[in-house]
1. Mind checking whether some residue in segment 232-247 is aliphatic (A, V, I, L, M), within 15 Å of residue 405 (Cα to Cα) and either surrounded by fewer than 19 Cβ atoms within 10 Å (Cβ to Cβ) or at pLDDT 90 or above (or both)?
2. Check whether at least one residue in segment 63-72 is touching an Asp or Glu at 6+ places or on another chain (Cβ under 9 Å), assigned to a strand (DSSP E or B) and farther than 20 Å from residue 171 by Cβ, and report yes or no.
3. Outside the structural domain of residue 123 (by TED's automatic domain parsing) and out of contact with any helix residue (DSSP H, G or I) (no Cβ under 7 Å at 6 or more places or on another chain): is that true of residue 53 in this structure?
4. Of the residues 576, 512, which single one is in a helix (DSSP H, G or I), exposed (fewer than 14 other Cβ atoms within 10 Å of the Cβ) and either at pLDDT 70 or above or not hydroxyl-bearing (Ser, Thr, Tyr) (or both)?
5. Is at least one residue of segment 333-350 without any contact (Cβ under 8 Å) to a residue 60 or more places away in the chain and over 27 Å from residue 141 (Cβ atoms)?
6. Got at least one residue in segment 86-109 being acidic (Asp, Glu) and within 19 Å of residue 185 (Cβ to Cβ)?
7. Could you list, in sequence order, all residues of segment 351-378 that are crowded, with 19+ Cβ neighbours inside 10 Å, free of Cβ contacts under 8 Å to residues at least 40 places away in the same chain and within 15 Å of residue 308 (Cα to Cα)?
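The values are calculated or read from the model by the stated rules, or taken from the named source; none is laboratory data. Since this is a predicted model, take the numbers as computed values, not measurements. With ideal geometry, Cβ positions are generated from the backbone for all residues, glycine too; neighbour counts draw on all protein chains shown.
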Amino acid sequence: MKDGANLVQGERRLEIALACVVLLFCAILWLIFSATDNRTVAELDAKGGVATIPEELFDHGAIFVVSGPWQVYWGHLLTPEELLGPDAPKPNGTLRFPGAWRGHRFGDDVAGGTGAATFRLRLDPPAGKRTLTLRLFDLRLAYRLWANGMLVAESGKPGLDAATEQPDRSLVLAPVETTGQPVDLVLQMSNHGFREGGVGDPILLAKAGILQTARDRVWIFSAFFCGVLLVAGTYHLLIHFLRPGEISFLYFGTYCLLIFGYAANSNSTYWLSRAVVPGWINPATLDELALVCYAVSGAIIYRFYRCLFPSDISRRLQVVSDLRAVVFLLAELALPPVWRSWLIVLLMLAGLLFTAYFLARLSVCVIKRRPGAILLFSGAVLLATASIHDVLVHVDAVEGEYMILHGLFALVLFQSSALALRYAHSFQTVERLSVDLHRNLHALKAEMSRRRELEAEVVRVSEEERRRVSYQIHDGLCQQLTAARLRYSMLSGLSSVKDSPQMVELGRVLSAAAEDAYALSRGMWPVEHDAALTGPTIGELVESARRASGIEINLSQNWPCASCAGENLGVLQRIAQEALANAVRHAGATRIDVSLACKNGATRLEVRDNGAGRPPEVAPAGPGGLGLRIMRHRASAIGAEFSIDDAPGGGTVVRCCAQCHDATGSQGVP
């Protein structure tokens with residue numbers, strides 16, 4: 001018990017150390033990723049409709065958030081030419097970016113959640129010829145951007161209603177050449193698919209190369225993360241394929257591939273998949289794929305946790321988790337885009353509730369010292385932190401970039417470590433069991449060897465006892481009966497008792513008794529009583545059986561040994577004696593063939609008869625009667641192979657094969 005407690009304590013310390021190592025690895029990656037992001041972010045506000053770009057910050061590589069306020073032409077999709085014409089409408093309000101227009105008053109109109117508008121802002125760049133870069137939205141909407149009347153960016157096709165709008169989700173980096181003169185920005189935008197309308201992401205501005213570098217940083221991290229997910233998912237599914245009983249590897253591998261599908265096709269990675277997938281694939285399909293993968297992954301991760309801790313994770317809530325994914329998929333197919341945006345918020349909130357449940361139950365597993373619970377709890381904490389942050393960003397409660405990929409990356413690392421720990425624990429358990437098994441196997445082999453030696457000794461003692469009894473019968477009872485017959489012969493010569501019925505009967509009884517005694521002596525040891533012999537020879541057994549039964553019995557012997565002193569030969573001859581007795585007494589045979597041959601270091605005995613065969617109730621490998629059990633026991637005692645089968649054409653064949661461990665070989669023939 002003390003060793004078991006020490007083992008559990010050691011495994012817990014190892015799990016804590018592994019959790020610290022994984023956490024340190026995540027922290028190092030985060031520091032490396034953050035250290036390369038040394039950009040300065042500044043707010044670029046507008047006064048009187050003009051936003052002035054600070055030259056010093058611009059030259060030092062600062063990134064500006066073009067927040068506005070932008071002039072708004074609500075309900076109109078105007079081009080620069082229309083704004084410069086004599087009949088150009090007046091702006092009916094302003095709006096800051098990022099910002100939602102739902103509930104915003106533009107003149108006499110109050111905007112709803114959907115709509116279209118034209119925005120206008122003038123930039124005052126530093127003096128000299130320069131190249132600016134504008135980063136536009138990565139939301140699912142449609143827009144066109146002009147700079148000094150030149151179209152520099154577009155995504156989808158803006159429309160005044162959902163029927164004419166063709167939205168798209170794409171991150172656009174638009175270059176703008178300046179000569180120090182003001183740049184007039186005109187933005188057409190329609191949004192009929194977002195619950196709040198407007199723009200949820202800022203428009204960024206920097207000198208050439210800065211925003212491209214920031215985008216490439218995100219793509220590098222995303223490619224690294226997606227590669228880790230793809231390898232982890234494939235690896236764990238392969239383990240499940242090789243070991244179907246490891247169902248946790250199936251769930252975890254599937255979860256990794258689903259997160260890969262979400263990460264590669266979501267705006268968190270700036271749609272990494274669009275850089276590699278064929279152009280004929282509709283971008284909206286990839287967007288839908290990301291949402292489907294995100295929804296289904298929640299049900300898979302629940303099953304993964306429950307597979308690891310079935311007694312601590314509720315089975316009923318697993319049904320709720322599965323229904324959540326099914327309801328989302330059906331709603332994704334049936335609801336219009338505006339309702340889908342609300343559905344995403346509900347999905348994220350439901351995910352937070354399940355994450356809170358996981359944290360609560362995993363903490364219980366930590367207290368109960370479940371294997372891997374510390375690692376899984378640590379990963380769930382980091383994912384919960386990132387999820388809460390992203391929900392707040394999604395509902396515009398806070399500003400910032402999505403952190404879900406960082407949280408998922410940490411979760412996958414911790415989950416992989418937990419599975420690796422459990423797998424290593426399984427290997428250690430198997431190794432310990434293997435050592436115990438080998439030790440017990442050696443002990444069992446030693447015990448079997450001792451038992452076989454004991455059985456062989458029992459057989460030897462039995463043979464010795466048979467010979468001793470045979471000697472006693474031969475030299476005692478048989479001699480006494482012989483003497484009685486001699487005395488009878490002397491008495492039968494007297495005239496008074498000669499030929500009397502009593503004397504005749506007495507003579508018959510004495511003769512029969514003497515013959516029976518001699519037959520019993522020969523049956524127990526049917527050879528000349530030589531103490532140097534190990535047992536009756538096969539020829540003597542056959543000859544004795546032939547004389548006693550009158551049946552045709554043929555003997556075939558073939559071995560290269562001049563004299564076989566093998567310790568197994570006596571046992572084989574006893575098996576032959578029992579087989580001959582069975583064939584004579586029970587089979588009703590008229591012919592028996594006996595063969596004894598030594599070849600390739602093994603002695604093979606075969607006794608074949610043409611009798612009635614085995615009874616129907618005797619199975620081929622069954623114990624049979626007493627005679628069969630005796631033969632099987634004798635064969636087992638010397639480690640021989642024994643079988644009894646039906647002979648072709650009728651009858652029975654008994655076979656026994658024993659190794660000649662102590663045979664002495666020569667080229668002679670007996």
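1. First pass over segment 232-247, keeping only residues aliphatic (A, V, I, L, M): 232, 237-239, 242, 247.
Add one more test, that the residue is within 15 Å of residue 405 (Cα to Cα), and what stays is none.
Looking for residues that are aliphatic (A, V, I, L, M), within 15 Å of residue 405 (Cα to Cα) and either surrounded by fewer than 19 Cβ atoms within 10 Å (Cβ to Cβ) or at pLDDT 90 or above (or both), one finds none in segment 232-247, hence no.
2. yes
3. Values: outside the structural domain of residue 123 (by TED's automatic domain parsing): no; out of contact with any helix residue (DSSP H, G or I) (no Cβ under 7 Å at 6 or more places or on another chain): yes.
For residue 53, the condition - outside the structural domain of residue 123 (by TED's automatic domain parsing) and out of contact with any helix residue (DSSP H, G or I) (no Cβ under 7 Å at 6 or more places or on another chain) - is not met.
4. Working: 576 fails: exposed (fewer than 14 other Cβ atoms within 10 Å of the Cβ).
After ruling out the rest, the residue left standing is 512.
5. no
6. Here is the first cut: in segment 86-109, the residues acidic (Asp, Glu) are 87, 108-109.
From the residues that got through so far, the ones that are within 19 Å of residue 185 (Cβ to Cβ) too are none.
No: segment 86-109 contains no residue that is acidic (Asp, Glu) and within 19 Å of residue 185 (Cβ to Cβ).
7. Residue satisfying the conditions is 377 alone.
Here's the yes/no breakdown for (1) at pLDDT 80 or above; (2) within 20 Å of residue 570 (Cα to Cα):
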position: 622; (1), (2): no, no
position: 631; (1), (2): yes, yes
position: 651; (1), (2): yes, no
position: 666; (1), (2): no, yes
position: 669; (1), (2): no, yes
